[in-house]
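The values are calculated or read from the model by the stated rules, or taken from the named source; none is laboratory data. Everything numeric in this text was worked out from a predicted model, so none of it was measured. Glycine gets a Cβ as well: all are built from the backbone with ideal geometry, and neighbour counts include every protein chain shown.
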Amino acid sequence: MKIFQLILREIIHRKLNSLLSLLAIVTAVALFVSFFTTGQASKRETTRLMRNIGFNLRIIPKETDIEKFWITGYSEYSMPENYVYKLASHEGLSYAHLTATLQKKVTWRMREIILTGIAPEVSPPGKQKTPMIFSIEQGTVYIGFALARHFGLKNYDLIDIFGKPFTIKQCLSESGSEDDIRIFGHLHDVQDILNMGNQINEIKALHCLCVVEDSNINSLSILREQLAGVLPDTKVILISSIASAREKQRMMSEKYFGFIIPFLIVVCMAWIGVLALLNVRERRHEIGIMRALGYGSYKIAYLFLGKAVVIGLIGAVIGFGIGTGLALKYGPDIFKVTANAINPMFKLLYWAVIASPAFCALSAFIPAMIAVAQDPALILREE
Amino acid sequence: MVHLEKLNKQYRTRSGDIKALDDVSLHVKEGELVVVRGPSGSGKTTLLLSIGGMLRPTKGQVIVDNNDIYSLSNKERARFRAENIGFVFQMFHLVPYLNIFENVLLSSGIGTKQKRQKEAEELLKRLNLSDRLYHKPSELSAGEKQRTAIARALINQPKIILADEPTGNLDPEKSEQIIGYLEEFHQAGGIVIVVTHGKLVDQYTDRIIYLKNGQI
């Protein structure tokens with residue numbers, strides 16, 4: 001009779017032992033899958049939110065008067081443009097989507113406008129990402145809604161800004177902010193107009209927030225520390241947002257996840273190990289007679305390890321299904337993630353069917369070795 | 001044939017060493033039926049298991065069919081046991097989750113699957129178990145269980161049957177039946193060594209050995 005048939009028959013025969021072992025592995029896999037699925041969804045959701053909100057870091061010259069900065073919306077001081085490249089090339093920083101800008105209030109056609117020069121986004125090494133803002137070609141401008149309406153400007157109109165000709169690439173829709181009175185141009189064009197070659201007055205960036213794993217540590221102080229090492233004559237302002245709150249919640253859940261999962265693994269391993277040990281005790285006479293019938297040590301070991309592997313495989317599939325179901329149903333309530341962000345992660349099923357049988361076999365290893373080491377003579381003398 | 005040469009077996013316990021077999025020498029010829037008797041703890045089962053290659057003696061030799069079985073590797077001994085020795089125990093030791101047919105086929109044997117299945121069917125028919133082939137051990141009477149154990153012992157056409165109290169759990173009628181099957185094997189030229197307190201087997205036995213304190 002084939003060993004695999006023996007394993008299946010025994011699993012069906014000793015239902016309670018098999019079901020309890022299955023329960024252990026299903027619990028472990030389901031909790032892992034649900035935590036991981038919701039955790040990943042939460043991460044994606046936070047990233048999406050942050051992208052929607054826009055840049056949350058503003059790096060400005062150190063001597064900037066913050067009160068004035070908030071009143072005017074930009075720094076009256078400037079800093080070299082190459083600061084942005086210096087910052088981008090520095091490894092270990094938690095910044096992404098770096099953009100150098102130069103903005104200044106000027107009077108154009110008898111109206112106060114904010115002339116804003118934007119350089120193409122710069123990504124730190126190895127963090128090449130899709131740009132968050134539109135890229136502006138030299139010789140073109142984007143016109144804020146209020147200005148376009150006031151001056152009757154249309155897309156592709158030719159205009160003159162302080163003696164330089166520009167094509168209107170686009171008249172922007174109403175934003176309800178100071179952007180409505182802005183003219184956006186390429187940084188170098190704006191530098192030329194303002195006669196501020198190679199100067200900028202702000203670097204906008206997106207802080208990924210992921211470095212601050214300890215909620216007790218102020219992320220801003222870490223940012224400032226990092227920045228002080230690279231650009232000592234600048235300062236940073238972090239704009240708090242709902243995204244940061246969500247990110248903190250995600251990090252907290254990851255912290256719990258980091259504790260719960262190893263704890264769960266140890267408990268489930270012990271659980272499966274004890275059940276396998278009970279199984280070995282219950283099957284003492286079976287082991288004895290199999291030995292008498294010529295079964296070698298490896299066949300006896302296969303009986304127990306094979307059972308663990310079969311239960312691990314079934315547990316992986318059921319656990320994945322339950323875990324994904326739990327994540328889809330309860331994830332949005334527990335982790336405050338929008339339901340759409342949670343998707344079944346089928347690659348977890350792939351990992352589960354590999355890891356779960358290995359985990360079960362490892363748990364049943366000692367009991368299997370005990371079964372192998374049992375002296376059949378001692379067992380068969382017990383009448 | 002079975003030849004035991006100055007067989008010694010000592011068990012180490014917390015309260016000291018126990019001599020289960022003390023210089024036991026024995027020669028059993030082909031076609032012989034030997035009964036082993038003795039008080040509880042005299043070493044009967046130890047003797048049987050030592051002959052069966054299940055219990056390595058502390059000293060001495062066990063030669064079965066010209067093979068010094070304890071000089072064989074574990075794997076070789078397991079194979080030798082499967083092919084040459086059949087065991088019958090008082091407690092039957094049937095695998096509870098297999099049916100009768102599968103229990104008989106459990107031993108690793110020689111030949112194709114179809115041939116072994118046919119042999120098992122014939123054997124079970126001979127032992128009046130053909131209507132119980134697909135029953136689980138829990139659905140059988142004690143006599144039927146022991147007949148299944150005998151079928152399992154016989155399936156590989158062994159040279160020797162070692163039976164430890166094969167009738168210990170059976171009523172006189174069933175016991176007679178079981179002894180009858182052992183006698184049948186004996187008559188066919190096989191060696192039977194049976195440990196029993198029962199007298200039913202005495203009429204067929206060639207020799208009765210008494211063991212006391214591990215000595216014959």
In segment B:148-157, the residues that are modelled with pLDDT of 90 or more and either assigned to a loop (DSSP other than H, G, I, E, B) or over 12 Å from the mean Cα position of the chain (by Cα) (or both): B:148
So for segment B:158-170 (the condition being away from every other protein chain (no Cβ under 12 Å) and part of a helix (DSSP H, G or I)), does at least one residue qualify? no
Output the helices (runs of 4 or more DSSP H) that fall wholly within segment B:42-114 and possess 1 or more residues being over 16 Å from the mean Cα position of the chain (by Cα) and of a type outside the set (Asp, Glu), or say none. B:74-84, B:100-104
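Among the residues of segment B:37-76 satisfying the criterion of being hydroxyl-bearing (Ser, Thr, Tyr) and within 12 Å of another protein chain (Cβ to nearest Cβ), which is surrounded by the most Cβ atoms within 10 Å (Cβ to Cβ)?
As a first pass, look at segment B:37-76 and keep what is hydroxyl-bearing (Ser, Thr, Tyr): B:40, B:42, B:45-46, B:50, B:58, B:70-71, B:73.
This time we only want the ones that are within 12 Å of another protein chain (Cβ to nearest Cβ), so: B:40, B:45-46, B:50, B:73.
On the way: B:40: 7, B:45: 24, B:46: 24, B:50: 26, B:73: 8.
Here the residue is B:50.
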Looking only at segment B:77-120, count how many residues are under 25 Å from residue B:48 (Cα atoms), hydroxyl-bearing (Ser, Thr, Tyr) and at pLDDT 90 or above. 0
Out of (1) on the phi > 0 side of the Ramachandran plot; (2) assigned to a loop (DSSP other than H, G, I, E, B), what's the single condition that is false for residue B:6? (2)
With the requirement that a residue be within 14 Å of chain B (Cβ to nearest Cβ), crowded, with 18+ Cβ neighbours inside 10 Å and part of a helix (DSSP H, G or I), what does segment A:9-39 give you? A:10, A:11, A:17, A:18
Looking only at segment B:7-28, which residues are under 20 Å from residue B:80 (Cα atoms) and touching a residue at least 60 places away in the same chain (Cβ under 8 Å)? B:28
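Residue by residue through segment A:135-159, note down the ones that are in contact (Cβ under 8 Å) with a residue 24 or more places away in the chain and closer than 16 Å to residue A:180 by Cβ.
Restricting attention to segment A:135-159, the residues satisfying the condition of being in contact (Cβ under 8 Å) with a residue 24 or more places away in the chain are A:136-148, A:150-151.
Within segment A:135-159, A:141, A:142, A:143, A:144, A:145, A:146, A:147, A:148, A:150, A:151 meet the criteria.
Does residue B:92 satisfy being surrounded by fewer than 23 Cβ atoms within 10 Å (Cβ to Cβ) and in contact (Cβ under 8 Å) with a residue 40 or more places away in the chain? Before you say what the answer is, go through the steps one by one.
Values: surrounded by fewer than 23 Cβ atoms within 10 Å (Cβ to Cβ): yes; in contact (Cβ under 8 Å) with a residue 40 or more places away in the chain: yes.
Considered against the rule, which asks whether it is surrounded by fewer than 23 Cβ atoms within 10 Å (Cβ to Cβ) and in contact (Cβ under 8 Å) with a residue 40 or more places away in the chain, residue B:92 comes out as yes.
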Every listed condition ((1) surrounded by 20 or more Cβ atoms within 10 Å (Cβ to Cβ); (2) under 25 Å from residue A:267 (Cα atoms)) holds for residue A:362 save (1)
Is it true that some residue in segment A:296-310 is part of a loop (DSSP other than H, G, I, E, B) and assigned by TED's automatic domain parsing to the domain that holds residue A:18? yes
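I need a count of the residues in segment B:122-138 that are assigned to a loop (DSSP other than H, G, I, E, B) and of a type in the set (D, E, K, R).
Of all residues in segment B:122-138, those assigned to a loop (DSSP other than H, G, I, E, B) come to B:127-129, B:133-136.
Adding the requirement that they be of a type in the set (D, E, K, R) leaves B:136.
Result for segment B:122-138: 1.
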Take the residues in segment A:153-170 that are closer than 24 Å to residue A:196 by Cα and among the basic types (Lys, Arg); name whichever of them is surrounded by the fewest Cβ atoms within 10 Å (Cβ to Cβ). A:164
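Only strands (runs of 3 or more DSSP E) wholly contained in segment A:98-190 count here; list those with 1 or more residues that are modelled with pLDDT under 90.
Numbers: elements: A:111-118, A:140-143, A:158-161, A:164-171, A:182-186.
Strands (runs of 3 or more DSSP E) meeting the threshold: none at all.
Do you know which of the residues in segment B:171-216 that are part of a helix (DSSP H, G or I) and either among the hydroxyl-bearing types (Ser, Thr, Tyr) or in contact with an Asp or Glu (Cβ under 7 Å, 6 or more places away or on another chain) (or both) is surrounded by the fewest Cβ atoms within 10 Å (Cβ to Cβ)? Quick ask: steps written out before the conclusion?
Initially, segment B:171-216 is screened for residues part of a helix (DSSP H, G or I), giving B:172-187, B:200-203.
From the residues that got through so far, the ones that are either among the hydroxyl-bearing types (Ser, Thr, Tyr) or in contact with an Asp or Glu (Cβ under 7 Å, 6 or more places away or on another chain) (or both) too are B:175, B:181, B:200.
Details: B:175: 20, B:181: 20, B:200: 15.
The residue in question is B:200.
Here are A:331, A:319: which of them is small (Gly, Ala, Ser), over 25 Å from residue A:21 (Cα atoms) and away from every other protein chain (no Cβ under 14 Å)?
Details: A:319 fails: over 25 Å from residue A:21 (Cα atoms).
Exactly one residue qualifies, and that residue is A:331.
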Lone unmet requirement of (1) over 18 Å from the mean Cα position of the chain (by Cα); (2) surrounded by fewer than 18 Cβ atoms within 10 Å (Cβ to Cβ); (3) at pLDDT below 95; (4) closer than 30 Å to residue A:43 by Cα for residue A:326: (2)
